[in-house]
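Chemist: My questions will all concern the structure given below.
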Amino acid sequence: MTAKPKSIYNNRIMDTSSIFLSILFPAHDEETRLPASLKQTDEFVKKQPYACEVIIIENASADGTLGIARDFARSHNYVKVVHDDLPGKGRAVQRGMLLARGTYRFVCDVDLSMPIDEISHFLPPECGDYEIAIASREAPGAVRYGEPFYRHVVGRVFNSLVRILTLPELNDTQCGFKCFSAQAAESLFPKMTITGWTFDVEILAIARRMKYRIIEVPIPWYYRANSKVHVLRDSIRMALDLLLIRRNLRRGIYSR
């Protein structure tokens, strides 16, 4: 019988045939940014002493995103590509979280406005006991680089609404980098109902209701142009979503 491969991590021997870290990339019309981000991710994965997988969830792209993802996967056996005909970042993240096999499941924006190496700060031994760790641009020690003033103001107004309506203790729910334990992901994401930008708030609100421990990890964050968020249109939609989440919480929808 062939022995399973072993590796040393955090002073213990672990079976590398199991996945320790899943990195998820929701990707919609990302043919410009995806190649460089996958190269950086490959360099990160190669440095780790534990087994990783990368899942690219491409949904409803009108450009070459799917082809780029599939080409990369052919030469990197730890990469899986999932295609969905329906749009929505929340939908893509939900599907990736439930397909992932990692003990920890980390969702990343394709633009890597948080450098990929920062993922290590979300994992043991650097990070303590938690079920959900969210990147924060507002926690003590966080630094923003190059963000236009108007984008910062819009973000803070939205977060103020989040704190008033659903999550009073969290400073930054919308940063696109979050880590979930496998147990939390498999418990929370089937309950998700919002498939667009505000899925983050819904998942965190459900987690808070279910008494999961949520921590904020301060990060360096670099503004990237060509955001997929349309400030006026999407802000209105997201504000309405907050009211829906608040109503669902009061009605016990997420407990059913």
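Chemist: For helix 65-74, report the angle its Cα long axis makes with the longest principal axis of the Cα atoms of the chain; keep it between 0 and 90° and round to the nearest 10°.
Modeler: Between the helix axis and the principal axis of the chain, the angle is about 20 degrees.
Chemist: If you don't mind, there's one more thing I want to ask. How much length is gained if the chain between Q48 and T32 is pulled fully straight, taking 0.36 nm per residue apart and subtracting their Cα-Cα distance, in nm to one decimal?
Modeler: Numbers: separation 16, 0.36 × 16 = 5.76 nm, distance 2.67 nm.
So the extension gain works out to 3.1 nm.
Chemist: Can you find, among F177, A207, G88, the residue sitting farthest towards the positive end of the charge dipole of the chain, where Lys and Arg contribute +1 and Asp and Glu -1 at Cβ?
Modeler: Sorting the options by dipole projection puts first A207.
Chemist: Which value, in debye to the nearest 20, describes the size of the charge dipole of the range 43-150 about its Cα centre when Lys and Arg Cβ atoms bear +1, Asp and Glu Cβ atoms bear -1, and nothing else is charged? Before the final figure, lay out the partial values.
Modeler: Working: 12 positive and 16 negative charges, 66 e Å.
About 320 debye.
Chemist: May I pose another question? Going through the range 149-235, which GluC sites (Glu not before Pro) have at most 15 other Cβ atoms within 10 Å and a DSSP loop state? Don't jump to the answer; show the numbers that get you there.
Modeler: Working: sites: E169, E186, E202, E216; in loops: E169.
Qualifying residues, ordered by number: E169.
Chemist: Here is a further query. What is the spin-label model distance, in nm, from R74 to L240 if the labels are put 7 Å beyond Cα along the C-beta direction?
Modeler: Each label point lies 7 Å from its Cα, and together they span 4.3 nm.
Chemist: Using only alpha carbons, build the gyration tensor for the chain and give me the equivalent ellipsoid semi-axes, biggest first, whole Å. List each step's numbers first, then the result.
Modeler: Values: eigenvalues 160, 93, 69 Å².
They are 28, 22, 19 Å, listed from largest to smallest.
Chemist: From the phi angles alone, apply the Karplus equation (6.51, -1.76, 1.60; θ = phi - 60°) to the range 57-63 and give each ³J(HN,Hα) in whole Hz, x where the residue is Gly or Pro.
Modeler: 9, 8, 9, 6, 6, 9, 10
Chemist: How big is the charge dipole of the chain about its Cα centre, in debye rounded to the nearest 20, if each Lys and Arg gets +1 on its Cβ and each Asp and Glu gets -1 on its Cβ?
Modeler: 820
Chemist: Same structure again: Can you tell me the relative contact order of the range 95-237? Whole percent, Cα pairs under 8 Å, sequence separation 6 or more.
Modeler: Details: 183 pairs, mean separation 60.0, N = 143.
The normalised contact order for the range 95-237 reaches 42 percent.
Chemist: Can I ask one more? So how tilted is helix 199-209 from the main axis of the chain? Cα-based, degrees 0 to 90, rounded to 10.
Modeler: Roughly 90 degrees between the two axes.
Chemist: Please tell me the relative contact order of the chain in percent, rounded to the nearest whole number, where contacts are Cα pairs under 8 Å and at least six residues apart.
Modeler: Details: 430 pairs, mean separation 53.8, N = 256.
Over the chain, the number comes to 21 percent.
Chemist: Still on this structure, please answer the following. Just subtract the alpha-carbon distance of Y145 and D85 from 0.36 nm times their residue separation and send over the number in nm, one decimal. It would help to have the intermediate numbers written out before the result.
Modeler: Values: separation 60, 0.36 × 60 = 21.60 nm, distance 3.46 nm.
Length difference between fully extended and current span is 18.1 nm.
Where a number appears in this text, it was derived from the coordinates with a stated rule and is not lab data. Everything quoted here is computed from the prediction, not taken from an experiment. We place every Cβ from the backbone using ideal geometry, glycine too, and count neighbours over all the protein chains shown.
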